[in-house]
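Undergrad: Let me begin by handing over the structure; questions about it come next.
The values are calculated or read from the model by the stated rules, or taken from the named source; none is laboratory data. What you see is a predicted model, and the numbers here were worked out from it, not measured in a lab. For neighbour counting, all protein chains shown are included, and Cβ atoms are generated from backbone atoms with ideal geometry for every residue, glycine included. These area figures cover heavy atoms from the full protein model, side chains too; ligands, DNA and RNA do not enter into them. Shrake-Rupley method; radii C 1.70, N 1.55, O 1.52, S 1.80 Å.
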Amino acid sequence: MATTVPAHGSTRVMRCLVTGASRGIGASIAASLAHHNHQVALTARGQADLQALADRLTVPTMVLPADATDPAAPSELIDAVVRQWGGLDVLVLNAGEGVSATIEETDDDLWARMLELNATAPFRFLRAAVPVMREQGFGRIVVVASVASRAGAPYILAYTAAKHAVLGMVRAAAAELATTGITVNAVCPAYVDTPMTQKSIESIVAKTGRAAADVAERLARMQPINRLITPEEVADAVTFLVHDRGGINGQGITIDGGRIQP
Ligand SMILES: NC(=O)c1ccc[n+]([C@@H]2O[C@H](COP(=O)([O-])OP(=O)(O)OC[C@H]3O[C@@H](n4cnc5c(N)ncnc54)[C@H](OP(=O)(O)O)[C@@H]3O)[C@@H](O)[C@H]2O)c1
């Protein structure tokens with residue numbers, strides 16, 4: 001039986017939507033997709049940062065400020081992209097936040113907040129994008145999960161539960177959509193050099209009184225390569241999954257310098 005394999009994704013312009021695109025990993029992903037000539041719609045809450053990034057990109061962009069946890073936002077954003085560009089080929093679900101707390105400090109609000117932003121919002125985006133991508137017979141969905149999707153660590157109970165949930169969603173969606181031309185994958189980074197990690201350093205300093213340089217050094221050493229992962233390394237992996245012909249599906253690619261080796 002002859003097997004037909006779709007063209008490599010880098011050979012055509014794709015219409016992309018990236019959440020959490022205003023800084024850190026999301027901004028690097030948007031820049032990487034633009035570098036490959038893809039059109040990029042950028043969303044996060046802060047309009048000014050999104051606009052500043054859009055101004056630097058040399059491809060068609062859309063700036064769509066929204067709170068990802070607004071239940072109406074995912075379908076409104078996807079509708080806006082489809083109205084303007086006629087479809088949606090790539091959905092990168094990157095918006096997220098981690099808050100550290102002991103088990104006893106994890107109240108219902110923190111638990112709900114972590115689940116809402118890191119798992120429920122990505123689910124709503126996925127659910128809204130699937131009919132569009134199904135109709136096209138093509139789609140690439142990539143979730144920015146975490147090493148916290150793969151292993152437990154102290155003081156991030158609610159974040160870990162949410163990141164495990166979102167990787168479960170990726171696997172189930174990939175299985176359900178396998179014959180549609182849509183792939184669903186995740187990347188699972190360890191500590192990345194972004195404002196989110198900077199905030200973690202500040203919070204550890206505030207709680208422990210230790211020097212910021214020592215805390216930063218300790219976080220760098222959490223990776224066997226003795227440094228933080230760069231946002232560009234995560235963006236490269238996302239772009240690789242976007243360009244994949246379709247054989248890679250339901251995977252979570254760990255980007256941690258070699259610590260987790262399942
Ligand atoms: N940094 C790490 O070490 C690390 C490691 C593993 C996984 N990750 C994951 O990687 C993703 C990006 O992290 P990052 O380090 O780049 O974080 P970051 O620097 O804090 O950036 C987070 C992005 O998400 C947006 N965002 C946050 N809450 C939002 C909301 N309610 N609605 C819409 N947008 C929202 C932020 O923009 P606004 O504030 O303007 O909305 C920003 O663009 C997250 O899912 C995180 O869990 C990070």
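Undergrad: Which whole-number value in Å² is the accessible area per residue of the chain, probe 1.4 Å? Please list the in-between numbers first.
TA: Numbers: 12420 Å² over 262 residues.
About 47 Å² of surface per residue is accessible.
Undergrad: Keeping every protein chain in place, order E176, E116 by accessible area at 1.4 Å, biggest value first, i.e. largest first.
TA: Values: E176 140, E116 55 Å².
Ranked from most to least accessible, the order is E176, E116.
Undergrad: Sum up the charges of everything whose Cβ sits under 15 Å from the Cβ of T230, counting Lys and Arg as +1 and Asp and Glu as -1, but leave T230 out. The partial results should precede the final answer.
TA: Details: positive: R23, R227; negative: D193, E232, E233, D236, D256.
Neighbourhood net charge equals -3.
Undergrad: Carbon and sulfur atoms: what percent of the 1.4 Å accessible area of the chain do they account for?
TA: Working: 6510 of 12420 Å².
Answer for the chain: carbon and sulfur cover 52 percent of the accessible area.
Undergrad: Under unit Cβ charges (Lys, Arg +1; Asp, Glu -1), what dipole magnitude, rounded to 20 debye, does the chain have relative to its Cα centre? Kindly include the intermediate steps, with their values, before the conclusion.
TA: Numbers: 22 positive and 25 negative charges, 124 e Å.
It comes to approximately 600 debye.
Undergrad: Follow-up question, since we're still on this one. Relative to the present Cα-Cα distance, how much length would full extension add between N226 and A153 at 0.36 nm per residue of separation?
TA: Numbers: separation 73, 0.36 × 73 = 26.28 nm, distance 1.84 nm.
Between N226 and A153, full extension yields an extra 24.4 nm.
Undergrad: Cut-off 10 angstrom, C-alpha nodes, Gaussian network model of the chain. Which of A48, A186, A34 fluctuates the most?
TA: In this elastic network of the chain, the residue with the biggest mean-square fluctuation among A48, A186, A34 is A48.
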